[in-house]
1. For segment 166-182, name all the residues that are among the basic types (K, R), crowded, with 18+ Cβ neighbours inside 10 Å and part of a helix (DSSP H, G or I).
2. I'd like the full set of residues that are buried (at least 18 other Cβ atoms within 10 Å of the Cβ) and either touching a His at 6+ places or on another chain (Cβ under 6 Å) or over 26 Å from I220 (Cα atoms) (or both), limited to segment 343-364.
3. Please note which helices (runs of 4 or more DSSP H) are completely contained in segment 183-287 and include at least 3 residues that are more than 24 Å from L149 (Cβ to Cβ).
4. Only residues that are basic (K, R) and in a loop (DSSP other than H, G, I, E, B): list them for segment 142-165, please.
5. Do any strands (runs of 3 or more DSSP E) entirely within segment 1-115 hold 1 or more residues that are over 24 Å from S303 (Cβ atoms), small (G, A, S) and modelled with pLDDT of 95 or more, and if so, which?
6. Out of (1) in a helix (DSSP H, G or I); (2) of a type in the set (S, T, N, Q); (3) within 15 Å of A173 (Cβ to Cβ), the odd one out for T367 is which?
7. I'd like to verify a number: residues in segment 121-141 that are outside any loop (DSSP other than H, G, I, E, B) and surrounded by 21 or more Cβ atoms within 10 Å (Cβ to Cβ), how many?
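The values are calculated or read from the model by the stated rules, or taken from the named source; none is laboratory data. From a predicted model like this one, the values you see are computed outputs, not experimental measurements. Because the Cβ atoms are built from the backbone with ideal geometry, glycine has one as well, and the counts that use them run over all protein chains shown.
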Amino acid sequence: MNQIQRLWIVTELFPPDETSTSYIMGEIANAMVQKYKVGVICGPEIYDRRKKLDTDNKFKLHDSIDIYRAEGTDLDKNTVKGKAISFVLMSKRLISLVKHHVRKGDKVLMVTNPAPMVPLMSRLKNKVGFELNILVHDVFPENMRPAGLKLPMYSLVKHIFDKAYSKADQLIALGRDMAYMLGRKVNNALKAGGGPRITIIENWADIDNIQPQPFPEGKIILEYAGNIGRVQGLDKVMDRLPDDIEFHLYGTGAMEETLKARKQKNVFFHGPYVRSQQNTVLAACDIAVVTLEDGMYGLGVPSKTYNILASGRPVLFLGPENSEIDLLVREKVVGYCGWPKNWDKEVLEEMGARARKVAVEEYSEATILNKFLNAI
């Protein structure tokens with residue numbers, strides 16, 4: 001009898017942790033059991049020990065999947081120092097597990113978090129002889145500059161990562177702009193007739209658990225739900241916010257306290273929420289904001305966009321022109337790219353209905369997971 005080939009998923013974030021990356025990697029693992037004997041090498045059950053697990057989390061992992069977890073760190077990942085040390089320690093622990101479990105001829109699907117795993121896995125690939133597929137959620141070190149973070153010896157680090165990416169068998173990009181940037185990153189390898197193939201697989205919308213709800217009455221409500229971090233540019237949203245529109249933020253992050261300190265009267269902070277509350281949170285607005293710093297073109301695609309579409313809400317995208325979400329919003333007419341001149345509830349509801357239709361027809365979980373099954 002032929003033995004079923006082994007596929008290893010390598011990711012720091014994995015269920016029951018509830019970050020978006022955890023959820024995505026968990027569902028990919030479940031889908032891949034259709035083709036492979038799946039094993040997962042990952043971090044601890046909770047990325048941030050300060051957060052509680054959602055008791056209503058409906059995610060179930062397939063019984064056949066083997067999981068090997070690295071010990072976590074109890075550092076504050078909202079600080080630059082804490083995050084950097086966590087990256088190094090977690091990478092060291094994860095690569096140790098990879099060395100112990102992954103064998104020649106196996107396939108590996110890894111995500112780009114923590115960043116040091118990219119060159120570590122690229123180097124190990126040549127020694128062991130496994131197939132390396134990289135799901136690119138963040139392009140390091142280029143994404144450091146838009147965040148305003150200085151990286152010592154940037155050019156050398158970029159050279160190391162460019163070479164590491166070029167040694168992969170496949171790079172999976174989240175959008176058209178990211179595919180373009182990855183092509184530039186591994187350009188020398190591609191010119192030489194080698195290098196990885198680059199495949200575009202978007203994030204998906206949870207069209208089953210997120211359902212459209214009636215729009216709120218009264219003032220137009222703009223909402224942001226997710227990481228309140230350095231590259232979201234939420235301070236700029238607050239700067240431009242019209243006086244007659246409320247801005248509600250759900251989530252936590254490195255910029256939360258700084259933004260709260262502004263004490264803007266029409267801005268409200270609701271704190272963290274769990275995945276089972278997502279349907280309620282997304283329905284609590286007329287339009288949801290998705291932001292991306294101008295320097296982030298091709299370096300990341302906000303996954304929250306697709307669940308916003310599933311909720312039947314339009315998107316206010318504030319970010320680089322011709323980036324994936326900019327193209328999506330313009331092509332499908334499901335919101336605004338840049339601040340609109342007028343805020344009309346009827347128009348917003350029409351866009352919201354169109355957004356739900358797009359989510360169901362083009363970005364369902366089944367559609368996107370089939371792309372992964374075909375690609376790996």
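1. Initial filter on segment 166-182 (among the basic types (K, R)): 167, 176.
Pick out the ones that are also crowded, with 18+ Cβ neighbours inside 10 Å and you get 167.
Within segment 166-182, no residue meets the criteria.
2. Y363, S364
3. On the way: elements: 187-191, 234-240, 256-260, 278-282.
It comes to 187-191, 278-282.
4. Taking segment 142-165 first, the residues basic (K, R) are 145, 150, 158, 163.
Correct list: R145, K150.
5. On the way: elements: 6-11, 37-42, 66-69, 107-111.
Here the list reads 37-42.
6. (3)
7. Let us first name the residues in segment 121-141 that are outside any loop (DSSP other than H, G, I, E, B), namely 121-128, 131-135.
Still in the running and surrounded by 21 or more Cβ atoms within 10 Å (Cβ to Cβ): 121, 132-135.
Residues flagged as outside any loop (DSSP other than H, G, I, E, B) and surrounded by 21 or more Cβ atoms within 10 Å (Cβ to Cβ) within segment 121-141 amount to 5.
Residues are listed down the side, and each one gets a yes or a no for (1) in contact with a Leu (Cβ under 8 Å, 6 or more places away or on another chain); (2) under 29 Å from V281 (Cβ atoms):
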position	(1), (2)
R184	no, no
R197	yes, no
N203	yes, yes
N209	no, yes
F215	yes, yes
Y224	yes, yes
